[in-house]
Amino acid sequence: MSPGSPNALWAKHGYTVERQQRRTGGPKVRTIRNPAGDTVLHDAGYDAEMEWINDNLETHHQTLPKMRLPTPAPVLID
């Protein structure tokens, strides 16, 4: 599993992916559930999953870059 894939990111945050076969035999339906068991996405495509992850999970775990304050000029005492 690639670390940046939706499956890896769901697992990283404790979400589960349920897969169910469609009656028509097409691609499986994916239901994404949060750690509490609530459905957050149902039958969404790759782009929709990545958008949800980036909007709701990954952005909350990023930190802002550390700001460096300018070094004060030395004070000379006579």
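The values are calculated or read from the model by the stated rules, or taken from the named source; none is laboratory data. Computed from a predicted model, the values in this text were never measured in an experiment. All Cβ positions, glycine included, derive from the backbone under ideal geometry; neighbour counts span all protein chains shown.
For the stretch 1-25, give me each residue that is part of a strand (DSSP E or B) and among the β-branched types (Val, Ile, Thr). Hits for the stretch 1-25 are 16, 17.
Looking at residue 67 and the list (1) at pLDDT below 90; (2) touching a strand residue (DSSP E or B) at 6+ places or on another chain (Cβ under 7 Å); (3) hydrophobic (A, V, I, L, M, F, W, C), which single condition is not satisfied? Here residue 67 clears every test but (2).
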